[in-house]
1. Can you confirm whether Met1 is of a type in the set (A, V, I, L, M) and touching a Gly at 6+ places or on another chain (Cβ under 6 Å)?
2. (1) closer than 30 Å to Leu10 by Cβ; (2) touching a helix residue (DSSP H, G or I) at 6+ places or on another chain (Cβ under 6 Å): which one isn't true of Asp114, the others all being true?
3. How many residues does segment 226-249 contain that are hydrophobic (A, V, I, L, M, F, W, C) and in contact with a Phe, Trp or Tyr (Cβ under 8 Å, 6 or more places away or on another chain)?
4. Is it true that some residue in segment 176-191 is out of contact with any Leu (no Cβ under 9 Å at 6 or more places or on another chain), loosely packed, with under 15 Cβ neighbours inside 10 Å and part of a helix (DSSP H, G or I)?
5. Identify, please: which residue in segment 1-59 is acidic (Asp, Glu) and within 26 Å of the chain's Cα centre (by Cα) and is, among those, nearest to Pro104 (Cα to Cα)?
6. Which ones in segment 9-23 are touching a helix residue (DSSP H, G or I) at 6+ places or on another chain (Cβ under 9 Å) and without any contact (Cβ under 8 Å) to a residue 60 or more places away in the chain?
7. Looking at segment 202-212, can you tell me whether even one residue there is outside any loop (DSSP other than H, G, I, E, B) and either touching a residue at least 60 places away in the same chain (Cβ under 8 Å) or touching a Pro at 6+ places or on another chain (Cβ under 6 Å) (or both)?
Amino acid sequence: MEKKELAEFLRHRREMLRPRDVGLVEGPRRRTQGLRREEVAQLAGMSTDYYARLEQQRAPQPSVQITAALARALRLTLDERDHLFVLIGHNAPARFHRCEHVSPTLLRVLDRLDDSPALVTTDLVDTLAMNPLAVALLGDQTRHTGLARSGYYRWFMDPAERLVYPEETHESHGRAQAARLRAALTAGSDTPRAARILAELQAHSPEFVRMWELQEVARYGDCKTILHPELGRIDVDPQLLYTENRAQTLVVLTTRPGTESHSKLELLSVIGHQQLTP
């Protein structure tokens, strides 16, 4: 671990960022150039003391997971991320066409969205990042591991996945999931993983097999009604922003002003995860 070079790199990247670059409010009395140490620590999900010791050349080697979290928190490009891994003493992640590193461009847009649910997904519907309003509406979709990270897999294997959508849309949504998996299998960013998901679903989900045999292909299939456990139906209009290689997508869920759904989303932005009923 190159402690001196690492400390200088972290400090420089931190000072290059402004609070608005990462979705934070910049107060009128701010004196710190760039982000504060505690802000970087919060974004990376680590203690302020541990991050401070990294910049002071006194910390033990961060894990691979912490290194990746630092790269996201500091909005590093892929080249900068790889450099960070080398400074810390880890091998940089392999650069497949598909990448777990969230596109900095999409992340910058996500950071600025606080009035609409928004999330970044891959073409296998792995959720890489969500804003707080998306978590309040959909639950934390970044918590899943293994094949279950894919929304395609969860739709057919996890009954809880369907609680977010009205029952009358389940057939069309399932067909869309199968159609999108077919597209990802032939022209996606991680075709070997898509093939593993396909094999598991064919072995364990008769519903998937039925829909797969329809031979439908699609890049995107949206669902325009979300079921919140306490607020009920919320009609949304999905807006999509893709990276150049279409491996990642920023999904923004908007509502029409003046509608009941818009009022519900405004309420949700205020209450967040608070429970509305006993």
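The values are calculated or read from the model by the stated rules, or taken from the named source; none is laboratory data. In this text the structure is predicted, and so the values were computed from the model without any measurement. Cβ atoms come from the backbone with ideal geometry, glycine included; neighbour counts cover every protein chain shown. Ligands, DNA and RNA are stripped out before the accessible areas are found, and what is left, the full protein with its side chains, is counted by its heavy atoms. Shrake-Rupley method; radii C 1.70, N 1.55, O 1.52, S 1.80 Å.
1. Working: of a type in the set (A, V, I, L, M): yes; touching a Gly at 6+ places or on another chain (Cβ under 6 Å): yes.
Considered against the rule, which asks whether it is of a type in the set (A, V, I, L, M) and touching a Gly at 6+ places or on another chain (Cβ under 6 Å), Met1 comes out as yes.
2. Just one mismatch for Asp114, condition (2).
3. Of the residues in segment 226-249, the ones hydrophobic (A, V, I, L, M, F, W, C) are 226-227, 231, 234, 236, 240-241, 247.
Next cut, in contact with a Phe, Trp or Tyr (Cβ under 8 Å, 6 or more places away or on another chain) only: 226-227, 240.
Qualifying residue count for the region: 3.
4. Yes, that holds for at least one residue.
5. Going residue by residue through segment 1-59, those that are acidic (Asp, Glu) are 2, 5, 8, 15, 21, 26, 38-39, 49, 55.
Retained after the next criterion (residues that are within 26 Å of the chain's Cα centre (by Cα)): 15, 21, 26, 38-39.
Details: Glu15: 17, Asp21: 10, Glu26: 20, Glu38: 21, Glu39: 18 Å.
Checked segment 1-59; the qualifying residue nearest to Pro104 (Cα to Cα) is Asp21.
6. Here is the first cut: in segment 9-23, the ones touching a helix residue (DSSP H, G or I) at 6+ places or on another chain (Cβ under 9 Å) are 9-11, 13-14, 17, 19-23.
Answer for segment 9-23, where residues must be touching a helix residue (DSSP H, G or I) at 6+ places or on another chain (Cβ under 9 Å) and without any contact (Cβ under 8 Å) to a residue 60 or more places away in the chain: Arg11, Leu17, Pro19.
7. Let us first name the residues in segment 202-212 that are outside any loop (DSSP other than H, G, I, E, B), namely 202-204, 206-212.
Okay, now just the ones that are also either touching a residue at least 60 places away in the same chain (Cβ under 8 Å) or touching a Pro at 6+ places or on another chain (Cβ under 6 Å) (or both), so none.
Within segment 202-212, none of the residues are outside any loop (DSSP other than H, G, I, E, B) and either touching a residue at least 60 places away in the same chain (Cβ under 8 Å) or touching a Pro at 6+ places or on another chain (Cβ under 6 Å) (or both).
Conditions (1) on the phi > 0 side of the Ramachandran plot; (2) open to solvent by 20 Å² or more (accessible area, probe 1.4 Å); (3) among the aromatic types (Phe, Trp, Tyr); (4) assigned to a loop (DSSP other than H, G, I, E, B), marked per residue:
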| site | (1), (2), (3), (4) |
| --- | --- |
| Leu227 | no, yes, no, no |
| Ile234 | no, no, no, no |
| Glu244 | no, yes, no, yes |
| Thr249 | no, no, no, no |
| Leu253 | no, no, no, no |
| Gly258 | yes, yes, no, yes |
| His262 | no, yes, no, no |
